[in-house]
């Protein structure tokens with residue numbers, strides 16, 4: 001239990017930081033393309049992670065051939081998230097894209113972990129993850145039911161699913177490399193540094209002129225320092241103590257933080273369905289952190305009941 005709590009705290013903190021992404025992005029200059037905003041945060045934050053974390057530059061040399069390929073795949077997955085999530089937002093809206101991307105990530109993580117033979121989630125973990133996803137969906141989509149829903153954009157849904165898959169892949173790879181004894185900061189720094197180089201042409205091609213404005217620079221620095229550099233240092237630290245599936249489920253706190261910020265800062269109102277979803281999400285995360293009873297202990301309890 002103590003191990004889970006010590007891993008959950010940095011993940012919760014990272015989720016709080018990620019929860020500010022939407023508000024910060026909305027303050028960017030009107031001429032800033034959505035993909036360029038996400039790319040700017042990743043390029044600046046990824047390079048900052050790579051250059052400032054100890055061991056990031058020497059990690060590829062310290063890895064075996066298989067681990068180097070994992071680092072490459074992790075960098076591609078990190079780059080794929082903003083390149084698919086932000087276009088999904090522009091096509092489906094923030095609420096739908098957030099629910100699909102973040103809600104599908106724990107599912108993809110569990111499936112990939114099972115396919116690669118890494119672990120088999122227990123019944124308690126599966127129930128908690130399912131409850132958290134449903135609670136998140138009710139929380140975020142609650143306001144959508146208060147007015148006529150827009151037609152579903154299938155391309156946007158597909159992009160959001162790819163974003164969720166990308167998140168699951170780099171969470172699993174990061175967790176695997178950390179479990180093999182590599183420093184979490186070095187793993188995150190290497191993957192995000194590689195992703196920064198992959199995304200740089202996108203930033204330059206989409207247009208970086210908005211970065212020269214005061215507002216653009218402040219938004220980019222916030223996304224780079226807080227939602228990328230600091231958040232993913234914390235995310236890597238959390239992966240040292242909990243599984244990748246637990247980590248991706250715990251980060252469903254992000255839309256909850258964003259919703260509560262909207263209520264407290266922007267004066268927005270949430271319908272009853274959203275508040276119910278928030279309660280289900282909170283209860284599910286508590287259940288996720290509840291330690292499962294060891295099999296031997298369960299068998300002893302059953303034997304005692306039989307004897308009685």
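The values are calculated or read from the model by the stated rules, or taken from the named source; none is laboratory data. Note that the coordinates shown come from a computational prediction; the quantities given were computed from them, not determined experimentally. Note: ideal-geometry Cβ built from the backbone for every residue, glycine included; neighbour counts use all protein chains shown.
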Residues located in segment 50-67, provided they are at negative phi and part of a loop (DSSP other than H, G, I, E, B): 53, 54, 56, 57, 58, 63, 64
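Yes or no, residue by residue, for (1) buried (at least 22 other Cβ atoms within 10 Å of the Cβ); (2) at negative phi; (3) within 14 Å of the chain's Cα centre (by Cα):
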site: 161; (1), (2), (3): no, yes, yes
site: 170; (1), (2), (3): yes, yes, yes
site: 179; (1), (2), (3): no, yes, no
site: 233; (1), (2), (3): no, yes, yes
site: 238; (1), (2), (3): yes, yes, yes
Residues (in contact with a helix residue (DSSP H, G or I) (Cβ under 9 Å, 6 or more places away or on another chain) and not in a helix (DSSP H, G or I)) located in segment 205-227: 207, 208
Of the criteria (1) modelled with pLDDT of 80 or more; (2) closer than 20 Å to residue 85 by Cα; (3) not in a helix (DSSP H, G or I), which one residue 181 fails: (2)
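Here's the yes/no breakdown for (1) within 15 Å of residue 129 (Cβ to Cβ); (2) at pLDDT below 75; (3) not in a helix (DSSP H, G or I):
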site: 257; (1), (2), (3): no, no, no
site: 261; (1), (2), (3): no, yes, no
site: 273; (1), (2), (3): no, no, no
site: 280; (1), (2), (3): yes, no, no
site: 283; (1), (2), (3): yes, no, no
site: 287; (1), (2), (3): yes, no, no
site: 291; (1), (2), (3): no, yes, yes
site: 298; (1), (2), (3): no, yes, no
Restricting segment 15-29 to residues that are more than 17 Å from residue 87 (Cβ to Cβ) and in a helix (DSSP H, G or I), the residue that is modelled with the lowest pLDDT: 23
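For (1) under 20 Å from residue 262 (Cβ atoms); (2) in contact with a helix residue (DSSP H, G or I) (Cβ under 7 Å, 6 or more places away or on another chain), each residue gets a yes or a no:
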site: 9; (1), (2): no, no
site: 39; (1), (2): no, yes
site: 66; (1), (2): no, no
site: 87; (1), (2): no, yes
site: 97; (1), (2): yes, yes
site: 116; (1), (2): no, no
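This table checks each residue for (1) loosely packed, with under 15 Cβ neighbours inside 10 Å; (2) in a helix (DSSP H, G or I); (3) more than 17 Å from the chain's Cα centre (by Cα).
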{"position": "13", "(1), (2), (3)": "no, yes, no"}
{"position": "31", "(1), (2), (3)": "yes, no, yes"}
{"position": "48", "(1), (2), (3)": "no, yes, yes"}
{"position": "69", "(1), (2), (3)": "yes, yes, yes"}
{"position": "80", "(1), (2), (3)": "no, yes, no"}
{"position": "96", "(1), (2), (3)": "no, yes, no"}
{"position": "102", "(1), (2), (3)": "no, yes, no"}
{"position": "107", "(1), (2), (3)": "no, yes, no"}
{"position": "113", "(1), (2), (3)": "no, yes, no"}
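Okay, residues lined up against (1) without any contact (Cβ under 8 Å) to a residue 12 or more places away in the chain; (2) within 26 Å of residue 280 (Cα to Cα):
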{"residue": "30", "(1), (2)": "yes, no"}
{"residue": "46", "(1), (2)": "no, no"}
{"residue": "64", "(1), (2)": "yes, no"}
{"residue": "100", "(1), (2)": "no, yes"}
{"residue": "109", "(1), (2)": "no, yes"}
Matching option when the condition is within 21 Å of residue 91 (Cα to Cα), in contact with a helix residue (DSSP H, G or I) (Cβ under 9 Å, 6 or more places away or on another chain), at pLDDT 90 or above and in a helix (DSSP H, G or I), among 141, 161, 230: 161
